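First the structure, in the form of structure tokens, and then the observations on it.
Read-outs throughout are calculated quantities, based only on the coordinates presented, and are distinct from any laboratory measurement. Everything quoted here is computed from the prediction, not taken from an experiment. Note that we place each Cβ from the backbone using ideal geometry, even for glycine, and neighbour counts take in every protein chain shown.
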Amino acid sequence: MIDFEIPADLAALRDKIRQFVIDEIVPYERDPRLTQHGPTDELRQEMIAKARKAGLLSIQVPRELGGMGLDHIGHAVALEAAGWSTLGPVAMNCAAPDEGNMLILSKIARPDQIKEFLQPVVDGHQRSVFAMTEPDGAGSDPAQLSTEAVFNGNDYVINGRKWLITGANGAKTWIIMARVAPNPHGPDGPTLFLCDGNTPGIEIERVMNSMDRNYVEGHAVVKFNNLRLGPDQLLGEVGNAFQYAQMRLAPARLTHCMRWIGAATRAHSIAIDHARTRTAFGKPLGEHQGVGFMLADNEIALQTCRLAVWNACWMMDKGEAPKGFSARHQSSIVKCFVSEELFKVTDRCVQILGGIGVTDETVVEMIFRDMRPFRLYDGPTEVHKFAIARTLMRHGTAMVA
């Protein structure tokens, strides 16, 4: 049976999160520590403390790590509520990249690595990065990975350059993707490494200027200059980085969608209020068909996006997908659809607000700028469509319920 009713305990959690974000986090949207490069770590720590006090810190992780052990549907409802402010997920420690990094570390890290590198992130005491994207190599096509790790039998020596590495400045837990070169001492291929951000050989060249500012400390250009790591600093097995990355990215596509539905719903609510109170040509804006249709399109898009996410979560919670199709296929469908539709929603909100929509008189302008890169996060729309089409060509049939 398909049941769309939200359980009472989950609804109560949703309401608690939403009220916490409204009361405690929304005021920080005017804080000067929300800079061009995102919230400073000082601001993050201040908001983290509030979430910790409210019992809402890292709710997405398993119970044994201190979270609430939510299923995927629970994530969808809770993270949408957190996304009411773009700072909400930062405060609750369920924002990218930490949220996805916590997931992969909880699945493949050794117990000693969990203690040293994962638990402090879960507790909000340190941040993490996932260093994969390269200016001339890995990105939408990770097979172009050019950062190289040379193994001499004792250590891996890593050299390469990364960029768009979110939160690198000041982060302690580093997950690094590099290609282990062929060697006589063991296996080779794309591999993940785990180390402290203060390890000699990690050089942060600069923080890039970008249109979004909702990620702590922004996005950096990083150079690995003879970074020397031991075999005990491998994360998982040599050669399995791409498989591990997909383990992280498939759910992360959905959690991005969850958070941004919350932000887009807030923008829509502001647009509705403006359309009801602002008048033009003798009546409220919302009574003019052009504006009314935009509001209706927003409502349709938001509800459809929400149901698409819930459907994918339902499949993942069941542990199965339609015959012949994977959860990855479904998450790609949802990521494509939701990222494109939510961008249209926020664009219409700017349009409805008119002149003030392009100013910081409301938060809509910030949501719009922060929303645009969502169409690129965890693979641009075009890459996901390519993967969807490839699956259809391989199976020779459409996915059916």
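Table for the structure above
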read-out	value
Under the Debye formula (equal points on every Cα, no solvent term), log10 I(q)/I(0) of the range 267-390 at q = 0.09, 0.12, 0.15 Å⁻¹	-0.33, -0.54, -0.75
Relative contact order [Cα under 8 Å, 6+ residues apart], the chain, whole percent	15 percent
Amide hydrogen neighbours beyond the local backbone of residue 205, cut-off 5 Å, H modeled	221, 222, 223
Amide H partners (placed H, <5 Å) of residue 167, local residues excluded	218, 219, 220
Kyte-Doolittle at least -1.0, axis length at least 24 Å by Cα - qualifying DSSP helices, the chain	241-277, 289-318, 327-353
Distance (nanometres) between label positions extended 7 Å along Cα→Cβ at residue 68 and residue 199	3.5 nm
Förster radius 22 Å - calculated FRET efficiency between residue 42 and residue 206 (Cβ-Cβ, nearest 0.05)	0.60
Positive dipole terminus of the chain, leading residue within 73, 133, 238 (C-beta point charges)	73
Amide N proximity, the range 216-250 versus residue 183 label position 7 Å along Cα-to-Cβ, cut-off under 19 Å	224-242
Net length gained if the chain between residue 125 and residue 225 were fully extended (0.36 nm per residue, minus Cα distance)	33.3 nm
Relative packing of 90-99, 211-220, 149-158, which averages over residues the other C-beta atoms within 10 Å, highest first	90-99, 211-220, 149-158
Correct option for semi-axes √(5λ) of the Cα gyration tensor in Å [calculated from the coordinates] among (1) 39, 27, 17; (2) 45, 24, 19; (3) 36, 24, 21	(3)
Reach of residue 283 by Cα under 18 Å, taken over aspartates and glutamates that are not fewer than 8 positions away in the same chain	273
Residue-span extension gain [residue 395 to residue 52] - 0.36 nm each, minus C-alpha spacing	118.7 nm
Theoretical ellipticity at 222 nm over the chain - DSSP helices of four or more residues, -39500 (n - 2.57) apiece, nearest 500	-14500 deg cm²/dmol
Highest to lowest packing among 266-272, 112-118, scored as the average C-beta count within 10 Å	266-272, 112-118
Charge dipole (debye, nearest 20) of the chain; +1 at Cβ of Lys and Arg, -1 at Cβ of Asp and Glu	440 debye
